[in-house]
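The values are calculated or read from the model by the stated rules, or taken from the named source; none is laboratory data. The structure displayed is predicted, hence computed values, not measured ones. Glycine also receives a Cβ, built like all others from the backbone with ideal geometry; neighbour counts cover every protein chain displayed. Just so you know, the surface numbers come from the protein's heavy atoms only, side chains and all, with ligands and any DNA or RNA stripped out. Shrake-Rupley method; radii C 1.70, N 1.55, O 1.52, S 1.80 Å.
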Amino acid sequence: MRIIVDETRCEGYGFCAEAAPHLLELDDEGELTVLSEQVAPDEAANAEAAVRVCPVAALRLQS
Amino acid sequence: MSVTGDTVKDTVKDIVVVGGSIAAVTAADALRRHGHEGSITVVSDERYTPYVRPPLSKGMLKGVETEESVFMAPPRSDVDFRVKTRAVGLDRERRRVLLEDGEELPYDGLVVASGARARRLGPPEAGELVVRDLDDALRLRAAFAEAGSLVVVGGGFLGMEIASTARGLGLEVTVVDQDPPLVRQFGSLLAEHMTRAALDEGVRIVRSPGGVRLVGQAPVTGVRTAEGELLEADVVVSAVGDLPNVEWLAGSGLGGPEGLLVDDRCRAAPGVVAAGDVVARVSDRTGRPRRSPHWGSAIDQARAAALALLRGDEAPPYRPAPYYWTEQWGLDIKICGRILPGAIPEVLSGSLDERGALVRWTHDGVPVAAATVNHRMPVVKLRKLATAS
Ligand SMILES: Cc1cc2nc3c(=O)[nH]c(=O)nc-3n(C[C@H](O)[C@H](O)[C@H](O)COP(=O)(O)OP(=O)(O)OC[C@H]3O[C@@H](n4cnc5c(N)ncnc54)[C@H](O)[C@@H]3O)c2cc1C
Ligand code: SF4
């Protein structure tokens, strides 16, 4: 499973990073960095939760 | 039944969640994350699976984003998610949620996440337009496509976002409110800055301290101010606040006009927790119940509520850390904390006139809020500014 950010939509709210801190992080500029695009099986639930809390639906998962 | 050392109360097996939006979805996610293995049934009275509301007054309303793009990732497979299913009652003694079709859902734990709806000025038959759900936004977007003019009743953040979107589409826009726009949510410095931006874009702002009355019915064709001025437009939309959805709790002893009151762990009663726009908490500052109807509060409360349901007093208390934002007139504003009445703003960097700034408010010498205006900054940093000196 991979996690993909639509950079044109992302507003840097950071809710996703709180839900999946091992996968996503806001950098010093407030830009979202994907720490690991590949989602390990034990991170899948966090990745799904991260995708759901984004208020602008900027994230998606690809299997 | 334990995940990373968490202890889950074995007494909580079947959990029912009432609501179909971010608070409901986050609660279900958090329950599973914290090791709940029993059933989770979510009932939503909407005809859609969950979607995000913030774009409904911004990109989606403008038409730069499609309606498909607002949908959240599908509900998880280990949750029984039912759309078009309305809860109409709660029997706390027998621990059952009553559904519109007569079915009763037994629960050990209940999450109330029924949110809020738009307040209306007229009776249902007035055909008043509001923006709360996806169908409202689709209706308004279609109306904008054919309209030349718009009156927005209400100069809060929702009303001003709708006004900004419509102006961007070329409509002639009038905003009418009892008070100067935005002051309550954004403080006078930012509110005045945003209002000036609106005026610069040719929007008319009318102040009507006595309120307004709708004129015409299905469709509403205008409003008349208490001062007697008639404001007419092709489209009239009300953005006059929201009301918590507590009616289905009537008779259960829970919920009132101010919302569903919860304690410091989002608990409303034994076995009942709540999160999101429906929730009221007693304010530390004023001692009065207060709702915090924002996306971020719904998420934080849903996580706290899920933990409290599973762990009771061992769950950490919920510490509100308000965070909200708006986009209007080319201004992208994010705020942490609460801009208390009388708080003193200070521009820490940039300048509002240059349209990019970092602002902090202090109250009695203590920082209470911080905001970025067209300025990127990680939320954690902004939050620190809002709380530390
Ligand atoms: C147009 C718009 C723009 C916004 N923009 C922003 C923004 O920019 N920033 C921000 O922070 N916040 C914004 N908000 C606020 C934010 O969207 C809300 O705080 C958030 O949606 C609250 O989530 P919730 O799950 O508590 O409630 P809601 O989103 O209100 O969802 C409640 C759900 O429960 C369902 N329901 C209600 N009663 C029942 C019942 N009896 N049985 C079954 N289901 C029921 C409803 O149909 C609904 O699906 C905006 C809101 C709107 C309407
Ligand atoms: S929650 Fe959405 S908008 Fe916010 S940082 Fe994550 S992807 Fe970007």
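Being surrounded by fewer than 19 Cβ atoms within 10 Å (Cβ to Cβ), in contact with a strand residue (DSSP E or B) (Cβ under 9 Å, 6 or more places away or on another chain) and not in a helix (DSSP H, G or I) is a description that does not apply to residue B:357.
Checking every residue in segment B:174-197 against the condition of being under 18 Å from the mean Cα position of the chain (by Cα), within 23 Å of residue B:293 (Cα to Cα), among the aromatic types (Phe, Trp, Tyr) and open to solvent by 20 Å² or more (accessible area, probe 1.4 Å) gives zero matches. Scanning segment B:328-354 for residues that are among the charged types (D, E, K, R), at pLDDT below 95 and open to solvent by 50 Å² or more (accessible area, probe 1.4 Å) yields B:338, B:353, B:354.
Within segment B:209-219, none of the residues are within 25 Å of residue B:111 (Cβ to Cβ) and touching a residue at least 24 places away in the same chain (Cβ under 8 Å). Restricting to segment B:169-207, and then to whatever is touching a helix residue (DSSP H, G or I) at 6+ places or on another chain (Cβ under 6 Å) and closer than 18 Å to residue B:325 by Cβ, can you tell me which residue is modelled with the lowest pLDDT? Among residues in segment B:169-207 that are touching a helix residue (DSSP H, G or I) at 6+ places or on another chain (Cβ under 6 Å) and closer than 18 Å to residue B:325 by Cβ, the one modelled with the lowest pLDDT is B:185. Among the residues of segment B:22-69, those identified as under 24 Å from residue B:111 (Cα atoms) and β-branched (Val, Ile, Thr) are B:22, B:25, B:26, B:40, B:41, B:42, B:43, B:49, B:52.
Considering segment A:9-20, and only residues there that are buried (at least 20 other Cβ atoms within 10 Å of the Cβ) and within 18 Å of residue B:71 (Cα to Cα), the residue that is farthest from the other protein chains (Cβ to nearest Cβ) turns out to be A:16. The condition of being in contact with a Phe, Trp or Tyr (Cβ under 7 Å, 6 or more places away or on another chain), without any contact (Cβ under 8 Å) to a residue 24 or more places away in the chain and farther than 26 Å from residue B:114 by Cβ holds for only one of B:333, B:344, B:339, that being B:344.
Of all residues in segment B:212-232, those satisfying the criterion of being in contact with a strand residue (DSSP E or B) (Cβ under 8 Å, 6 or more places away or on another chain) and not in a strand (DSSP E or B) are B:216, B:219, B:220, B:221, B:226, B:229. Exactly one residue out of B:265, B:285 is in a loop (DSSP other than H, G, I, E, B), closer than 16 Å to residue B:12 by Cβ and open to solvent by 10 Å² or more (accessible area, probe 1.4 Å): that is B:265.
A residue that is crowded, with 24+ Cβ neighbours inside 10 Å and outside any helix (DSSP H, G or I) occurs nowhere in segment B:292-302.
Within segment B:268-282, the set of residues being under 30 Å from residue B:213 (Cβ atoms) and open to solvent by 20 Å² or more (accessible area, probe 1.4 Å) comprises just one member, B:277. From the list A:23, A:59, the lone residue that is crowded, with 20+ Cβ neighbours inside 10 Å and more than 12 Å from chain B (Cβ to nearest Cβ) is A:23.
For residue A:25, the criteria (1) in contact (Cβ under 8 Å) with a residue 12 or more places away in the chain; (2) under 9 Å from the mean Cα position of the chain (by Cα); (3) more than 9 Å from ligand 2 (Cβ to nearest atom) hold in every case but one, which is (1).
Tell me, which residue of segment B:342-389 that is charged (D, E, K, R) and more than 14 Å from chain A (Cβ to nearest Cβ) is nearest to residue B:332 (Cα to Cα)? That would be B:355.
Taking the criterion of being closer than 11 Å to residue A:6 by Cα and more than 16 Å from ligand 1 (Cβ to nearest atom), the residues of segment A:31-60 that qualify are A:32, A:59, A:60. Selection within segment A:27-52: residues that are facing chain B (nearest Cβ under 8 Å) and in contact with a strand residue (DSSP E or B) (Cβ under 6 Å, 6 or more places away or on another chain). The member of this set that is least open to solvent (accessible area, probe 1.4 Å) is A:51. So how many residues does segment B:188-202 have that are touching a strand residue (DSSP E or B) at 6+ places or on another chain (Cβ under 9 Å) and part of a helix (DSSP H, G or I)? Qualifying residue count for the region: 9. Candidates B:61, B:99, B:31: the one that is surrounded by 22 or more Cβ atoms within 10 Å (Cβ to Cβ), out of contact with any Cys (no Cβ under 9 Å at 6 or more places or on another chain), farther than 21 Å from residue B:279 by Cβ and touching a residue at least 24 places away in the same chain (Cβ under 8 Å) is B:61. Looking only at residues of segment B:226-240 that are touching a Pro at 6+ places or on another chain (Cβ under 9 Å) and closer than 23 Å to residue B:184 by Cβ, we find that the one that is least open to solvent (accessible area, probe 1.4 Å) is B:236. In segment B:64-95, of all residues being of a type in the set (A, V, I, L, M, F, W, C) and at the interface with another protein chain (Cβ under 10 Å from one of its Cβ atoms), the one that is surrounded by the fewest Cβ atoms within 10 Å (Cβ to Cβ) corresponds to B:71.
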